[in-house]
1. How high is the FRET efficiency between residue 172 and residue 134 when r is their beta carbon distance and R₀ equals 25 Å, given to the nearest 0.05?
2. Could you tell me the calculated FRET efficiency between residue 161 and residue 65, based on Cβ-Cβ distance and R0 = 22 angstrom, to the nearest 0.05?
3. Tell me, what is the 1.4 Å probe accessible area of residue 47, in Å² to the nearest 10?
4. Percent relative contact order of segment 88-132, based on C-alpha pairs within less than 8 angstrom and at least six residues apart?
5. Near the amide H of residue 112, under 5 Å away, which other amide H atoms are found, from residues 5 or more places off or on another chain, if H is placed in the peptide plane?
6. Just the accessible area per residue of segment 79-124, please: how many Å² with a 1.4 Å probe?
7. Name the shape class, rounded, prolate or oblate, that the alpha-carbon gyration tensor gives for segment 59-178, where a ≥ b ≥ c are the square roots of its eigenvalues, rounded holds for a/c under 1.5, and otherwise prolate holds if a/b is larger than b/c and oblate otherwise.
8. Pop out the ³J(HN,Hα) list for segment 139-151 in order, Karplus 6.51 cos²θ - 1.76 cosθ + 1.60 with θ = phi - 60°, rounded to Hz; leave Gly and Pro as x.
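The values are calculated or read from the model by the stated rules, or taken from the named source; none is laboratory data. Note that the structure is predicted; figures quoted are calculated from it, not measured. Here the Cβ positions follow ideal geometry from the backbone for every residue, glycine too, while neighbour counts run over all protein chains shown. All accessible areas refer to the heavy atoms of the entire protein, side chains included, with ligands and DNA or RNA removed. Shrake-Rupley method; radii C 1.70, N 1.55, O 1.52, S 1.80 Å.
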Amino acid sequence: AVGSVFAIVFSSILLLGQINVDQNAGYYPLVIDGESGEPYSWESLAKNVTWISGSGSAQDPYLIDSVEFNGQNSSGILDIKNTRDYFVVQNSKFFNATSFLVKMNNVSNGKFVNNEFFDSKWDAIYFSNSSSLEFVGNVFRDNINNGIFQTANNYESYNLKIADNEFFNNFEGVQMYM
């Protein structure tokens, strides 16, 4: 939970506090790659990281709940790619990155619910070639570019739900090329 103190030792990485990571340590972005296996798959992370739970099924999605991600001016915070596993990110904060806060490529079955995304020097959420994604009840503020951006490079994304989000002080709230 936010404010609690914990230590996670995972693949020679030591994270202390509220997932606040020193940029120079090279921990961000946190990569979740469905094609890479250990240590970057959802399954591996759920076994080894206390703040990810679930099995990735529709009935028991991987869950990141109430985590504070301070990118400390890293290039990005969460990079999810090549996965069809079900996942939910909820009640969390993503902030302080020089590029994206969350980036997704070739991803399906993800939900972002009741999160805060702020202080990105580019897009808060950037995705391409993805489907069955939901962004509901989130707050996007003080991002230099877009709150949500779907790329235009002929990477098709579809079956998207964007509802009940709030956008403040972003260049654009949502920018999509379909």
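1. Efficiency for this residue pair is about 0.80.
2. Once the sixth-power term is evaluated, E becomes 0.65.
3. 140
4. With pairs under 8 Å counted, the relative contact order is 49 percent.
5. 89, 134, 135, 136
6. Values: 1580 Å² over 46 residues.
Averaged over the residues of segment 79-124, the accessible area is 34 Å².
7. It comes out rounded by the Cα gyration axes.
8. 10, 10, 8, 6, 9, 4, 10, 9, x, 10, 9, 10, 5
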